[in-house]
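S.K.: Got a structure for you, written out below as C-alpha cells; questions coming shortly.
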Amino acid sequence: METAGQQFTRGAYVGHARTDIYGPGKVLSEDGDLRRVRFTHFVATIKVEDLRPATPLEESEMNTWLCRKAERYGSDWQLS
C-alpha cells in the first residue's frame, strides 16, 4: 500500500478519495497529474489529488477481481 506522500505509480492499488462509486482500483499508467486507473466497474483517468491509497481489504478485493477476470478471459489482467 502506498503512503500519503507517494504519487500512485503504475501498479499501485487505490481508491477514489471523494466517492466509493468506482470501487477499488489499480493504476495502469501515469501522465503528469493524471492516473489511468482500472476500477472494478470501469477504467477512468483521475487526478492524483482525487486518489487515496487502497485499504488492505480493497487491495485484496481488486487482486481477486483481476485474477477472476484473467481466469475467465485469459491474458494478464494484473499488468493491464
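S.K.: 7 Å from Cα along Cα→Cβ at both Arg36 and Gln7: what's the point-to-point distance in nm?
M.R.: For the pair Arg36/Gln7, the computed spacing is 1.8 nm.
S.K.: Hey, another quick one. If ligands, DNA and RNA are left out, what is the accessible area of Ser75 with a 1.4 Å probe, given in Å² to the nearest 10?
M.R.: Looks like 110 Å² after rounding.
S.K.: Once amide H atoms are placed 1.01 Å from N in the peptide plane, what residues at a sequence separation of 5 or more from Leu51, or on another chain, have their amide H within under 5 Å of its amide H?
M.R.: Ala17
S.K.: Can you work out the Karplus-derived ³J(HN,Hα) for every residue in segment 43-49? Use 6.51 cos²θ - 1.76 cosθ + 1.60 with θ = phi - 60°, whole Hz, and x for glycine or proline.
M.R.: 9, 9, 9, 10, 5, 4, 5
S.K.: With each pseudo-label sitting 7 Å past Cα toward Cβ, what's the Val48-Thr19 distance in nm, one decimal?
M.R.: In this crude label model, Val48 to Thr19 measures out at 2.3 nm.
The values are calculated or read from the model by the stated rules, or taken from the named source; none is laboratory data. Remember, it's a predicted structure, so these values are computed and weren't measured experimentally. Every residue, glycine as well, gets a Cβ built from its backbone with ideal geometry; the counts of neighbours run over all protein chains shown. For accessibility, only protein heavy atoms count, side chains too; no ligands or nucleic acids. Shrake-Rupley method; radii C 1.70, N 1.55, O 1.52, S 1.80 Å.
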